[in-house]
Amino acid sequence: MEYLTSVSPETKVLGTYWKTPIKSRNKMFKFQKLNLCDKYGLRDLLQRFQPTHILHLMSMSSVGKSWIEPAESFINNTNIFLNLVESLRILKINARGLIRRIWWIT
């Protein structure tokens, strides 16, 4: 984020949160409450913001919880990814993206 501020001060960054509000002192960073499983809410947000770049780090990141609730974790993360790419396709938003999924193997 410091790098973005230094090379492109006019950049606007929008993040989402689901439960705990996130606040930033930097005016280029805004956060909005959104459950990414809500495809219509996500689509509305993308339509209004019109991103040029997307950094998607998945949703349910707790490895411990994924072992306790593997089906819920898989469905949640898969649906969020599908909602994102389908919304981009439907809205014809040509954004570059970094999609990251972490695999834990023992």
Which members of segment 82-104 meet the condition of being modelled with pLDDT of 85 or more, surrounded by fewer than 10 Cβ atoms within 10 Å (Cβ to Cβ) and not in a strand (DSSP E or B)? 89, 92, 94
Of the residues in segment 51-65 that are of a type in the set (A, V, I, L, M, F, W, C) and surrounded by 15 or more Cβ atoms within 10 Å (Cβ to Cβ), the one that is farthest from residue 78 (Cα to Cα) is 54
Criterion violated by residue 16 - all others in (1) without any contact (Cβ under 8 Å) to a residue 40 or more places away in the chain; (2) assigned to a helix (DSSP H, G or I) satisfied: (2)
State whether the residues of segment 36-53 include one that is outside any loop (DSSP other than H, G, I, E, B), of a type outside the set (A, V, I, L, M) and in contact with a His (Cβ under 8 Å, 6 or more places away or on another chain). no
Taking segment 28-79 on its own, how many of its residues are of a type in the set (Val, Ile, Thr) and closer than 16 Å to residue 14 by Cβ? 2
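The values are calculated or read from the model by the stated rules, or taken from the named source; none is laboratory data. This is a predicted model, so every value here is computed, not measured. Because the Cβ atoms are built from the backbone with ideal geometry, glycine has one as well, and the counts that use them run over all protein chains shown.
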